[in-house]
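Every number in this text was worked out from the coordinates using simple rules, so none of it is lab data. Here the structure is a predicted model, which means the values were calculated and not measured. FYI the Cβ positions are ideal-geometry reconstructions off the backbone, even for glycines, and counts take in every protein chain you see.
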Amino acid sequence: MSSAEVAEELRESLLTPGDHPVEVPIMCNITRFGLRTPFGLLRSYRDYRTVLRDVRVHRPSGLLKSVFLLESPCAWCSLSLWNGTPAFSAQAPVHVEAARRAFGRLMFDRDRGPELWSTRWQLVSVSNNLQWEDLDLRELIVQLTM
């Protein structure tokens with residue numbers, strides 16, 4: 001079977017309903033910000049949009065997609081997908097500036113510190129509906145698998 005046939009077979013299998021294990025270097029980074037007041041949300045969103053504008057110009061290596069997720073009036077998450085290990089801060093100085101400003105908006109507990117955490121996950125499985133506005137995750141998985 002040729003590599004083109006293998007790729008087409010993988011594309012078709014990813015269209016069938018259900019869970020599909022994948023072995024690709026795609027990472028998901030989630031950072032959660034717990035804010036002191038709802039007023040911090042607007043400032044945070046403005047900073048996020050500023051970082052996105054900078055990202056469109058400087059294109060950090062490996063960044064596939066980034067979204068701002070609203071949890072509540074006092075909490076939000078940044079979710080980003082990467083091809084490989086995330087390297088956002090090192091490649092986007094505007095990101096470092098926005099992160100410094102964010103610390104002043106965060107809830108703070110004397111025993112636990114600022115309400116800020118981040119996790120990194122490797123993509124190991126996908127569903128068949130891989131539609132996301134401007135990211136063709138299905139095709140990317142096929143390319144990275146071949």
Put in order of increasing Cβ neighbours within 10 Å, starting from the fewest, Phe103, Phe33 give Phe103, Phe33
Of all C-alpha pairs within region 60-146, those more than 15 angstrom apart amount in percent to 71 percent
Region 83-126 and region 47-76 have their Cα centres apart by a whole-number Å value of 11 Å
Exposure-ranked with fewest Cβ neighbours within 10 Å first, Asp134, Asp109 stand as Asp134, Asp109
Output ordering of 56-62, 44-50 (per-residue mean of other Cβ within 10 Å, highest first) is 44-50, 56-62
Here the relative contact order (percent) of region 25-122, from C-alpha pairs under 8 Å and at least 6 apart, is 46 percent
